[in-house]
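One structure below.
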Amino acid sequence: MRVALIGGGAAAVVLADLLVRRAEGSLTEICIYEPSPEVGPGRAYRADLGTALVNLQSAGMSVDGDSSGDFLDWISKNRLSAADAPTTAHGFVPRWVYGRYLRHCYIRTQHRAAQAGVVVRVVHQPVTSAHTTPDGVTLRTVGGQHFEHDRAALCLGTGKPANVYGLPAGQTYVEDPYPLKDLVAAVPSGAPTLVLGTGLTAVDVALALLRRPRQAPITLASRNGLLPGVRNPRVFTTPVRSTTQRFAELAGSGRMQSLADVWGFVAEELRSRGLHGPHIAEEFSSAENALDRMARHLREVDAGYMWREVASATLHPVIEKVWGEITNAEKDIFLRRYRSAYTAFMNPIPPETARKLLDAQEKGLIRVASGVESVSLEADGKYSMETPAGVTRFSAVVNSINASPHDFSDLASPLIDQLLNDGLVERHEFGGIRIERSSGRVFTDAAGSDPRLFALGQLTVGTHLVTNSVRAIHRQAEVVSAAILEPAHSTPPIPAAAMARGPEAALSTHTR
């Protein structure tokens, strides 16, 4: 079996690892399509400043699902500086360090594959089109070459930030802040700077800008004004009462269809541990000042509070199943009212990162604004931001707003455009494309799942909600790898309507 992985970041590395370790002789080749020079780091973990930390403890970051200590073992065998190496299993590493680990995992997968007679190779070109054929999938690259595979998986990572306010390109507007090492040089030293967004990317940007030779005020701004929470590194736990088995019982009896049901599931775990979450209301409200909230979190971490970590650990193993169980009406309520607060809650930053931001606040270098109504470039080259508090002007703007889950403009376009136009994939009403939850197979507009084409990662946000954490990627890859490796005779047929649109024109010029 010849398998194509379109994209070469963390999702492709995890999936390739699982395919090689579980193929049992059925796999002959994995071909990874990745335009950048390296497979592994992707956009999220490429070489960059050490200020940008992975926001999960090192103990939970292993690619090898059969060896939870794999990442820690790699760290112990590699010479990292004192500033880059975690002092304990619950420490945090710079993202570029994790990128090196992902690269190591890919090379290790190549060696394992070679021992099993499987070829793992890379085509350093973007894929521009894909067509399902009776024998598999034909891919075309930007160089005009055609490649045939039996299966193909879309492993596309997160796209660049969205230019929500339509700001024109210019020397004082940075549309994409990564790599951060270039950002420091791009934003004028001493220039009051607006950072659009208040999530994890905005935090990375703020820490990078604090390295400028001449300091100037930095404003992080968004509509909700919510900063990420603060993680307690001393707590790395798993559910005791509200387990995956308990979730299955509740879902099986129809008691997991509303947001209230989900919170009841989490509350049951908290009660079983004698925890009650004294600040639950504040966590899901934007009324509390963002930096005051961060300071409170940090005090609670220092005091040993753990209810947020227990609540998060309860949700993480089942969040994709939760999203599949609740009704569409409840999903819509969640996305409109609670998604921002949920994202801030479930993606906390390391305490040392929070301390740096609060220290900068004390020095008058960082503030957070909410209720952003508009941002525009004025005739004098300055930028104006309008909020309910009034108009503020800036000399530079850095964009860190996450792209909409409905926006595919930066996710391997024109490939996604072609797949949508040809009916080989369908948009999901809650973002991304429709997939079969039990296999990762994509749905075509012929109302059937395609047995040759799979997806995981950001493209599956509408089905899974959570798609970009290493743990979520691993859960998806477990499902997708099993489905890819299913014997041919057990694979469902290609929908007739999809085949009716077949790639005759493309195949007429095909060369192997």
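Taking only the C-alpha atoms of the range 189-242, the Rg (one decimal) and the largest Cα-Cα distance, Dmax (whole number), read 16.0, 53 Å.
Phi-derived couplings, Karplus 6.51 cos²θ - 1.76 cosθ + 1.60 at θ = phi - 60°, listed residue by residue for the range 388-404: x, 7, x, 10, 10, 10, 9, 8, 8, 10, 10, 8, 9, 7, 4, 5, 5 Hz, with x used for Gly and Pro. About its Cα centre, the dipole of the range 24-98 is roughly 420 debye, where the only charges are +1 on Lys and Arg Cβ and -1 on Asp and Glu Cβ. On the principal axes of its alpha carbon atoms, the range 305-353 extends 39, 21, 15 Å, with the longest extent given first. Our helix-only sum for the chain, with -39,500 (n - 2.57) per DSSP H run of n ≥ 4 divided by its residues, gives a mean residue ellipticity at 222 nm of -10000 deg cm²/dmol.
Amide H contacts of VAL123 (H built 1.01 Å from N, in plane; Pro and chain starts excluded): ILE32, TYR33, GLU34 sit under 5 Å, all sequence-distant by 5 or more or on other chains. Note on the range 163-263: with neighbouring protein chains present and a 1.4 Å probe, carbon and sulfur make up 52 percent of its accessible heavy-atom surface.
Taken per residue, the accessible surface of the range 168-249 reaches 41 Å², heavy atoms only and a 1.4 Å probe. Here's the picture: charge each Lys and Arg Cβ at +1 and each Asp and Glu Cβ at -1 in the chain, and of HIS464, PRO213, LEU18 the one pushed furthest to the positive end of that dipole is PRO213.
Ligands, DNA and RNA left out, the 1.4 Å accessible surface of the range 270-361 is 51% carbon and sulfur atoms. For the chain, the residue among GLY91, VAL322, PRO35 whose Cα projects farthest onto the positive side of the dipole built from Cβ charges is GLY91. Between ILE333 and SER68, the contour length at 0.36 nm per residue exceeds the alpha carbon distance by 91.8 nm. Short-range pairs are left out: with C-alpha atoms under 8 Å and at least six residues apart, the relative contact order of the range 114-200 is 13 percent. Extension gain, LEU80 to ALA287, is 70.3 nm, computed as 0.36 nm per intervening residue step minus the present C-alpha separation.
For the range 77-210, the Cα gyration tensor yields ellipsoid semi-axes of 36, 26, 12 Å (square root of five times each eigenvalue, largest first, whole Å).
For the pair THR28 and ARG103, a Förster radius of 30 Å applied to the C-beta separation gives a FRET efficiency near 0.80, rounded to the nearest 0.05. Put the Cα centre of the range 306-380 next to the Cα centre of the range 177-207 and the gap is 19 Å. Per residue, the average separation of C-alpha pairs within less than 8 Å and at least 6 apart gives the range 204-303 a relative contact order of 38 percent. In terms of Cα atoms, the Rg and Dmax of the range 160-203 work out to 10.4, 26 Å. For the range 291-349, a simple Cβ point-charge model (Lys and Arg +1, Asp and Glu -1, everything else neutral) yields a dipole of about 180 debye relative to the Cα centre.
Using 0.36 nm per residue and subtracting the Cα-Cα separation, the extra length available between SER384 and ALA482 on full extension is 30.1 nm.
The coefficient of translational diffusion for the range 135-280, derived via Stokes-Einstein from the alpha carbon Kirkwood radius under 20 °C and 1.002 mPa s, stands at 103 µm²/s.
Divide the volume of the convex hull around the Cα atoms of the chain by the residue count and you get 157 Å³ per residue.
Excluding residues on the same chain fewer than 8 positions from LYS181, give the lysines whose Cα lies under 19 Å from its Cα. Excluding near neighbours in sequence, the set is LYS160, LYS356.
Counting only protein heavy atoms and a 1.4 Å probe, the range 31-156 has 41 square angstrom of accessible area per residue.
For the range 135-195, the Stokes-Einstein estimate of translational diffusion at 10 °C and a viscosity of 1.306 mPa s comes to 102 µm²/s, using the Kirkwood hydrodynamic radius over alpha-carbon pairs. Across the range 44-121 the C-alpha pair distances fall into 5 Å bins from zero in the proportions 3, 16, 25, 24, 15, 9, 6, 2, 0 percent.
Given +1 at the Cβ of Lys and Arg, -1 at the Cβ of Asp and Glu and no other charges, the dipole of the chain around its Cα centre is 1020 debye to the nearest 20.
The values are calculated or read from the model by the stated rules, or taken from the named source; none is laboratory data. Computed from a predicted model, the values in this text were never measured in an experiment. Neighbour counts run over all protein chains shown; Cβ positions are idealised from the backbone, glycine included. Calculation scope for accessible area: heavy atoms of the full protein, side chains included, ligands and nucleic acids excluded. Shrake-Rupley method; radii C 1.70, N 1.55, O 1.52, S 1.80 Å.
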